[in-house]
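Enquirer: Questions regarding the structure given below will be posed in turn.
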Amino acid sequence: MNAQHTPAQNQPVPFPSATVLGYPRIGRRRELKKAVEAFWSGSSSEAALLAAAESIQLATVRRLAELGLTAPSAIPGTFSFYDQVLDTLVALGGIPARFGNLHDAGGRLGLDAYFTLARGNAEQQPLEMTKWFDTNYHYLVPEIGPETRFSLSSERVVEEFSLAKANGTVTRPYLVGPVTLLALSKASDGAPAGFAPLSRLDDLLPVYSELLGKLAAAGAAWVQLDEPALVADLDGLSPHEASTAVERAYAALTATPVGEGRPAILLSAPYGSLGEQTAAVAATGVEAVAIDVFKGALPSAAELALFSGKTLVAGVVDGHNIWRNDLAASAQKLDALRTAGAEHGFAVAVATSTSTFHVPHDVDEEQQLDAGLRSWLAFADQKVGEVATLAAYLADPASVQDEIDEATRVIASRAQAPGVRRPEVRQRTGALTDADFSRSDFAARAAAQEEVLALPPLPTTTIGSFPQTSEVRGARARLTKGAIDAAEYEALMKDEIKRVVDLQEELGFDVLVHGEPERNDMVQYFAENLDGFDVTVHGWVQSYGSRCTRPSILWGDVSRQAGPSILWGDASSAAAITVPWTTYAQSLTDKPVKGMLTGPVTILAWSFVRDDQPLAETANQVALALRDEIADLEAAGIKVIQVDEPALRELLPLRRADQADYLDWSVKSFRLATAGAADSTQVHTHLCYSEFGAIIDAIDALDADVTSIEAARSRMEVVNDLEAHGFGRGVGPGVYDIHSPRVPSQEEIEDLLATAVAHVPARQLWVNPDCGLKTRGYAETEASLRNLVRATRAARAAL
Ligand code: GLN
Ligand code: ZN
């Protein structure tokens, strides 16, 4: 027995005083994205990819040590080729039978198998992808059934640990914990009805133990098992089932004493409070628990008493947003925890509340931002510094008084800075009354719209964007570089708009779009044209796999810009964001052209949003800016306006108790944006998911005249929800899955339409793709849309 690793009864196993729960893994200059995509395209070898991966891993370890994470086990294993859920699944071998045998002769799952699961192959769709808790990161969903076999199938996590160790650093390997892994899984295709993946927990645990044993043998002192499922109310997992699973799982994983074949375990619970699960987690034999005390509340005194003998790793620094930490407030939380720890015999360490892979690397990369704004921000590197400062505070409060005072001063200056609180914006939101949130009866609106639009039954439309060709993206890049001027850029965009309008005319669409060629991104485009926002240059964060997004920063009061925008600099369109493009498109056709706006909730969800006031208030400011834009579109003769809210579901709080309040303000903000429209203006919305059932009341409450939703991948399942709910307004369940280059046949679309007509009255139905077409190529888009219109004509004839 190794005395060093065997603590006396109730003495916490030493844990580093400062850590982060994770760090951006795509590389400071998106090196991993480039390396992975080159490998996929066949332009580079596996050896080149592995070399790039090693150099990213070592650079990360060096950087984190430089920033102050010098203690052994303070640096988490953060690397992933694609996704941390997939990493853990592949390590444990629980891959779906539908892929056949992906294991090699040695029983291992290699990189090819890994990417096959992530990206699919000629026969098999990839694993489904869905949002990771309330973030904009997407993970791959394991498919588990009674037939799933678990066996240690990849030791990549051990190899990654050994690589860092060979270079002088003992890191803390990361795995998704067993309860979360199964709670986030779906039942495999072959599983019997009602099968719960969590029922396979006991079969999975020995493989986790085996892997922990390998990590211990390689020299890992600590391992991090991430259990965010414990902060959420998940469908099909009652609080009782969750605590039972925690108890079973961690009894098995801690059965071996620490140091005798397993590392000490840090169970991390990011994204909110453990709430009811606190007692179950505290009762386990794990050596440390990381709790989120930024978004979540401090545990009660009685709950804290349960952590005796452990280390409580306090997530006081927000890992999910970019604002500089209020060190004085964090210090207060740490004081409370230290006092409780002294009383109850637990140690306290400092961490971020979540992994920092939700935020960019480094504020210092953004020298173009105003220095004031920059001083309010903390990206991943700055957060490591904050954690280190707060750990120093725990050791000796007086030693960091200057840093604490400086943070207090900067936060106070932020509150006073120009643009943060603008009286004219505040007056408008302050003066809102109920009437501002409501339109007239749908029946009256429908009649007025019918008169103006005179559409055929089953009207056809698209969701907004058309393929973003390399010419379009190239033109934008040249404008940014100054190689062309605004007038040239405008002319190129107009050419593209004309092409898109002509194509829709030729195909026979009823409601046209301009195609959104001018938009780099559906949120950033608005951020660039509204006051209160800024955008970054290097602020990329991983969205899924090799895909990254660059969220804008919403730091001040929002309104449309007072001055002329970069483009369309004439006074008449001074504040308008979309009007000139839309009216140009409308000038080319007699068919109605649909104006296209991004809704307030989506603008918030896909930006880094100020944290100094309730989201509801910020949402209303954005809504009023959009309301102004809608008024201008109407004045310019636009009769149909779509306000996209693909992120409505994403921001839904993880705890059921918080959901009603969220749905209330989010629905209101959409209504505030749209309720100024005339009865005769047809308001559309678009939602990007098919798990419709859970929030159908809220979707109904948006009160849009027409709602288009994703449905093709789920074979129109959504029409059952619509029927059961008695959804009474226009609805376009998508008939063309735009996530794949596949061209749906006319017959297939006719079948989908027949299903739709069987469940939803034909007079309410619209025909459209699942989502925007910007990631598709023109060839498949044209063929698919042609089939869509032909199928619609056939369906009309059959009505
Ligand atoms: N109007 C947007 C587009 O077509 C909608 C995108 C989305 O729903 N994500 O691109
Ligand atoms: Zn969509």
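Enquirer: Of everything in the range 507-548 that's within 16 Å of ligand 1 (Cβ to nearest atom) and in a helix (DSSP H, G or I), which residue is nearest to the chain's Cα centre (by Cα)?
Expert: Selected residue: 524.
Enquirer: When you check residue 643 against the structure, is it among the β-branched types (Val, Ile, Thr), touching a residue at least 40 places away in the same chain (Cβ under 8 Å) and within 16 Å of ligand 1 (Cβ to nearest atom), yes or no?
Expert: When the stated conditions are applied, residue 643 passes them.
Enquirer: Then there is this: Where in the range 619-736 are there strands (runs of 3 or more DSSP E), lying fully within it, with 1 or more residues that are among the small types (Gly, Ala, Ser) and within 16 Å of ligand 2 (Cβ to nearest atom)?
Expert: Those strands (runs of 3 or more DSSP E) span 706-709, 730-733.
Residues are listed down the side, and each one gets a yes or a no for (1) more than 29 Å from residue 517 (Cβ to Cβ); (2) within 16 Å of ligand 2 (Cβ to nearest atom); (3) in contact with a strand residue (DSSP E or B) (Cβ under 8 Å, 6 or more places away or on another chain); (4) not polar (S, T, N, Q):
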residue	(1), (2), (3), (4)
754	yes, no, no, yes
760	yes, no, yes, yes
764	yes, no, yes, no
771	no, yes, yes, yes
777	no, no, no, yes
780	no, no, no, yes
786	no, no, no, yes
790	no, no, no, yes
793	no, no, no, yes
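Enquirer: Which pairs have Cβ atoms under 6 Å, sit 6 or more apart or on different chains, and link a residue in the range 454-465 that is in contact (Cβ under 8 Å) with a residue 40 or more places away in the chain and surrounded by fewer than 24 Cβ atoms within 10 Å (Cβ to Cβ) to one that is among the charged types (D, E, K, R) and not in a loop (DSSP other than H, G, I, E, B)?
Expert: 457/796; 458/796
Enquirer: Among the residues of the range 400-428, write down those that are surrounded by 14 or more Cβ atoms within 10 Å (Cβ to Cβ), of a type outside the set (A, V, I, L, M), touching a residue at least 40 places away in the same chain (Cβ under 8 Å) and outside any loop (DSSP other than H, G, I, E, B).
Expert: 403, 408, 414, 428
Enquirer: Name the single residue, out of those in the range 744-799 being more than 16 Å from ligand 1 (Cβ to nearest atom) and assigned to a loop (DSSP other than H, G, I, E, B), that is farthest from residue 706 (Cα to Cα).
Expert: In this case the residue turns out to be 745.
Enquirer: Here's something else I'd like to know. Is it the case that some residue within the range 117-134 is in a loop (DSSP other than H, G, I, E, B), farther than 20 Å from residue 21 by Cβ and aliphatic (A, V, I, L, M)?
Expert: Yes, the range 117-134 contains at least one residue that is in a loop (DSSP other than H, G, I, E, B), farther than 20 Å from residue 21 by Cβ and aliphatic (A, V, I, L, M).
Enquirer: Among residues belonging to the range 445-486 that are in contact with a Gly (Cβ under 9 Å, 6 or more places away or on another chain) and small (Gly, Ala, Ser), point out the one that is modelled with the lowest pLDDT.
Expert: 486
Enquirer: Can I ask one more? Name the single residue that is farthest from ligand 1 (Cβ to nearest atom) among those in the range 601-615 being within 16 Å of the chain's Cα centre (by Cα) and part of a helix (DSSP H, G or I).
Expert: Filtering first and then ranking leaves 604.
Enquirer: Follow-up question, since we're still on this one. State whether one or more residues within the range 345-353 are in a loop (DSSP other than H, G, I, E, B) and out of contact with any Asp or Glu (no Cβ under 8 Å at 6 or more places or on another chain).
Expert: yes
So that you can scan it fast, the table gives a plain yes or no per residue for (1) of a type in the set (Asp, Glu); (2) more than 25 Å from the chain's Cα centre (by Cα); (3) at pLDDT below 95; (4) at negative phi:
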residue	(1), (2), (3), (4)
683	no, yes, no, yes
695	no, no, yes, yes
702	no, no, no, yes
711	no, no, yes, yes
716	no, no, yes, no
720	no, yes, yes, yes
742	no, yes, yes, yes
745	no, yes, no, yes
752	no, yes, no, yes
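Enquirer: If the Cβ limit is 8 Å and pairs must be 6+ apart or interchain, which residue in the range 8-30 that is over 21 Å from residue 258 (Cα atoms) pairs with which residue that is surrounded by 24 or more Cβ atoms within 10 Å (Cβ to Cβ) and modelled with pLDDT under 95?
Expert: Filtered contacts from the range 8-30: 22/78; 23/78; 24/78; 25/78.
Enquirer: Just one of the numbered conditions (1) exposed (fewer than 15 other Cβ atoms within 10 Å of the Cβ); (2) under 30 Å from residue 165 (Cβ atoms); (3) not hydrophobic (A, V, I, L, M, F, W, C) is not true of residue 262; which one?
Expert: (1)
Enquirer: Considering each of 762, 754, 712 in turn, give the residue that is in contact (Cβ under 8 Å) with a residue 40 or more places away in the chain and closer than 17 Å to residue 781 by Cβ.
Expert: On inspection, the qualifying residue turns out to be 712.
Enquirer: Taking the range 217-252, which residues are among the acidic types (Asp, Glu) and outside any strand (DSSP E or B)?
Expert: Residues satisfying the conditions are 227, 233, 235, 241, 247.
Enquirer: So, one more: Would you say residue 741 is assigned to a loop (DSSP other than H, G, I, E, B) and either away from ligand 2 (no atom under 16 Å from the Cβ) or aliphatic (A, V, I, L, M) (or both)?
Expert: yes
Enquirer: Can I ask one more? Please verify whether the range 461-470 includes one or more residues that are assigned to a loop (DSSP other than H, G, I, E, B) and more than 16 Å from ligand 1 (Cβ to nearest atom).
Expert: no
Enquirer: Among all residue pairs at least 6 apart or on different chains, which show Cβ distances below 7 Å where the first residue, located in the range 493-520, is within 23 Å of residue 454 (Cα to Cα) and touching a residue at least 40 places away in the same chain (Cβ under 8 Å) and the second is among the charged types (D, E, K, R) and within 16 Å of ligand 2 (Cβ to nearest atom)?
Expert: Within 7 Å, the pairs are 511/594; 512/594; 513/594.
Enquirer: Give the residue that is farthest from residue 220 (Cα to Cα), with candidates limited to residues of the range 64-82 that are assigned to a helix (DSSP H, G or I) and more than 26 Å from the chain's Cα centre (by Cα).
Expert: 66
Enquirer: Another question, if that's okay. Among the residues of the range 158-175, is any assigned to a loop (DSSP other than H, G, I, E, B) and without any contact (Cβ under 8 Å) to a residue 12 or more places away in the chain?
Expert: Checking the range 158-175: at least one residue is assigned to a loop (DSSP other than H, G, I, E, B) and without any contact (Cβ under 8 Å) to a residue 12 or more places away in the chain.
The values are calculated or read from the model by the stated rules, or taken from the named source; none is laboratory data. It should be emphasised that the depicted structure is a prediction, and the values quoted were computed from it without experimental measurement. A quick note on method: Cβ atoms are made from the backbone with ideal geometry, for glycine too, and the neighbour counts reach across all protein chains shown.
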